[in-house]
Amino acid sequence: MSHDAIILGGGAAGLFCAAQAGQRGKRVLVLEKADTVGKKILISGGGRCNFTNIGAKPENFLSANPHFAKSALRRYTARDFLDLVEAHGIAWHEKTLGQLFCDQSAIQIVQMLLDECDKAHASGGHVEILTGQDVSEVVHEGGRYAVMANGTAHTTDSLVIATGGPSIPKMGATDFAYGLARQFGLKVVEPRPALVPLTLGGEDVLFRELSGVATDVVAKAGKTSFAEAALLTHRGLSGPAILQVSSYWTHGDPIHLDFCPGQREGWLLEHKRATPETQLVAILRAYMPERLAKILAERLGLSGVLHSISDKALRRAEQQLARWEFRPNGTEGFAKAEVTAGGISTADLSSQTMEAKAMPGLFAIGEAVDVTGWLGGYNFQWAWSSGWAAGQAI
Ligand code: FDA
């Protein structure tokens, strides 16, 4: 069968791209390996899908080329996607930090994407979606692409790689995109788990006994910091602040947590002057759960009431609390990573269309590409924006 476009992968980016191209009158075939489309959408945001971030800006994305995402994000914005959600009558709310969720269910987003695909008919286009497809071979001959799936050959002018990244392999995620990109001469930036819990060893394992304790921190990796909650786990550190910095963390480097965010220099000394008979732990309890306050005071080697602690020791404690160093010995890997950083090199793609510069008709979109968003709806926005950009060009 011949098509204008074949999209490999019926996830967020693939379905959105199919709808866009279909509505421009194209005959599109989506080949999905799993038995249903949009599986990651369904489990996202705790089943409510954090479908975008209303404040999404290029600065919220990591890539070897930080400028690459600008064009697509500018041409198809979070507001554009929100307009679509509203046009489909899907009720939504902002949870925090610009994160938009469905009031009811992530199923609504998948249904909306399928309804958008169906709209192709109105403009003479067509979107066909085949699930349970095993793509065994892709070849490029005479300017067209031939895809062999489940023993059937499909041909097309435009081939879109939208098979995502290898995070959460138990959901069927694979590194298929990278093999295919390399087959056609595209480079791949080393993929690594991102938005992932960090594991602790050595002295830091002492914190494991606090598994389940959460506290507000400013977490910092290199020059990048996030003010959100951190969660101590039996393997190390998790929670939004940690997931965010994990994307910026490199093996061997430390991360730093400010356990008492927003305090100005000398704040412990001020407490000492104002309430000299108060225990340090009691002061720390205002910022964090008691169990954590106790462990931190213990590790600072400071017990007793404030007036029994020297000013010098309190100043040192302030500094340490503001920059508590952890040396993660790894991450929980692709098994627990919400996304994959790295991927198909943006150097080989047009930022306007997502088409491979040296391979006409070959496109890559979504998580398969070396563009990774922060936690909080940014990754879906990249799926929509990049899918939209390719959908206008195929
Ligand atoms: P996606 O993974 O969605 O789709 C790829 C599709 O390709 C899949 O359907 C897969 O089965 C298919 N496929 C793979 N190999 C294939 C092959 N060989 N042939 C054919 N098909 C193949 N982001 C966000 O912004 N807000 C959120 O709330 C969340 N929540 C969240 C929770 C969890 C648990 C995870 C794991 C991830 C998130 N994310 C998120 C991230 C978000 O899910 C992710 O960035 C997007 O789904 C990426 O969209 P893609 O379409 O690129 O890949």
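At a glance:
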| read-out | value |
| --- | --- |
| The chain, helix-only ellipticity at 222 nm - DSSP H runs n ≥ 4, -39,500 (n - 2.57), divided by all residues, nearest 500 | -8000 deg cm²/dmol |
| Rounded accessible area per residue of segment 198-331, 1.4 Å, Å² | 49 |
| Rounded, prolate or oblate (a/c below 1.5 giving rounded, otherwise prolate when a/b exceeds b/c) for segment 78-131 by Cα gyration tensor | prolate |
| ILE394 accessible area, 1.4 Å probe, all protein chains in place, Å² to nearest 10 | 10 |
| Kirkwood Rh and Cα Rg combined as Rg over Rh, evaluated for the chain | 1.08 |
| Solvent exposure ordering (accessible area, 1.4 Å, most first) of MET354, MET171 | MET171, MET354 |
| Highest to lowest packing among 230-237, 162-169, 35-42, scored as the average C-beta count within 10 Å | 162-169, 230-237, 35-42 |
| Loop-located trypsin sites (Lys or Arg not before Pro) in segment 264-327 whose Cβ has at most 11 other Cβ within 10 Å (DSSP) | ARG264 |
| Rounded, prolate or oblate (a/c below 1.5 giving rounded, otherwise prolate when a/b exceeds b/c) for segment 198-331 by Cα gyration tensor | prolate |
| For segment 185-257: rounded, prolate or oblate by the Cα gyration tensor [a/c cutoff 1.5] | prolate |
| Heavy-atom SASA rank of GLU325, GLU277 (probe 1.4 Å, accessible area, largest first) | GLU277, GLU325 |
| Label-point separation, MET148 to GLU190 (7 Å along Cα→Cβ), nm | 3.4 |
| For segment 18-148, accessible area per residue (1.4 Å probe, heavy atoms of protein chains only), Å² | 47 |
| Net charge of neighbours whose Cβ lies under 11 Å from the Cβ of LYS57, counting Lys and Arg as +1 and Asp and Glu as -1 | +1 |
| When each of LYS70/LYS187; LYS26/LYS187; LYS294/LYS336; LYS33/LYS220 is checked by Cα-Cα distance, pairs over 27 Å | LYS26/LYS187; LYS294/LYS336; LYS33/LYS220 |
| Straight-distance crosslink candidates among aspartates and glutamates, where the alpha carbon sits under 17 Å from LYS223 and sequence neighbours closer than 8 are dropped | GLU59, ASP253, ASP258, GLU325 |
| 5 angstrom amide H check on GLY164, placed H, neighbours 5+ away | GLU367, ALA368 |
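The values are calculated or read from the model by the stated rules, or taken from the named source; none is laboratory data. Note that the coordinates shown come from a computational prediction; the quantities given were computed from them, not determined experimentally. For neighbour counting, all protein chains shown are included, and Cβ atoms are generated from backbone atoms with ideal geometry for every residue, glycine included. Protein only, heavy atoms only, side chains kept; ligands, DNA and RNA dropped before computing areas. Shrake-Rupley method; radii C 1.70, N 1.55, O 1.52, S 1.80 Å.
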